[in-house]
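The values are calculated or read from the model by the stated rules, or taken from the named source; none is laboratory data. Quantities reported herein were computed from a predicted structural model and do not represent experimental measurements. When we count neighbours, we look across all protein chains shown, and the Cβ atoms used for this are built from the backbone with ideal geometry, even at glycine. Quick note on the areas: whole protein, heavy atoms, side chains included, nothing else; ligands and nucleic acids left out. Shrake-Rupley method; radii C 1.70, N 1.55, O 1.52, S 1.80 Å.
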Amino acid sequence: MTENVWGYRETSGRTAGADLTGYKVEAVDGSIGKVDKHSDEVGSSYIVVDTGPWIFGKEVLLPAGTIDRVDAQEEKVYVGWTKDQIKAAPEFEKDKHLGNEDYHRQVGGYYARPLEPPMRQL
């Protein structure tokens, strides 16, 4: 990925200043939860997703560059990663990791790597 993983893609349909809190989040292979928090900070934009029962009530941090599309009418955010790829990302603890530069670099490195195509189910 050559673009900044911490910035919204111009093609995402994201409207500057729009509140994404409460939007449903859809991975390539299904729903992963709802947006609990988001940041529009230049060079450090992200969403925090409350995964509910999907991964036992944990939250995940997704850099804005992982977002393919925002549908304001449906109140959904679509990301270009599978559930397993997101689940394999560095573990996120809001109180410990928000604003932590080392964690930020670790997550950025994970999501900036080339995507492996999702495994096809037989």
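Tabulated data for the structure shown
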{"quantity": "Counted residues, region 27-78 - those being acidic (Asp, Glu) and in contact (Cβ under 8 Å) with a residue 60 or more places away in the chain", "calculated": "1"}
{"quantity": "Restricting region 67-96 to residues that are at pLDDT 90 or above and part of a helix (DSSP H, G or I), the residue that is surrounded by the most Cβ atoms within 10 Å (Cβ to Cβ)", "calculated": "ILE86"}
{"quantity": "In region 97-115, residue modelled with the lowest pLDDT [restricted to those that are loosely packed, with under 12 Cβ neighbours inside 10 Å and within 14 Å of THR66 (Cα to Cα)]", "calculated": "PRO114"}
{"quantity": "Matching residues, region 13-66, being assigned to a loop (DSSP other than H, G, I, E, B) and either open to solvent by less than 10 Å² (accessible area, probe 1.4 Å) or of a type in the set (Gly, Ala, Ser) (or both)", "calculated": "GLY13, ALA16, GLY17, ALA18, LEU20, GLY22, GLY43, SER44, SER45, THR51, GLY57"}
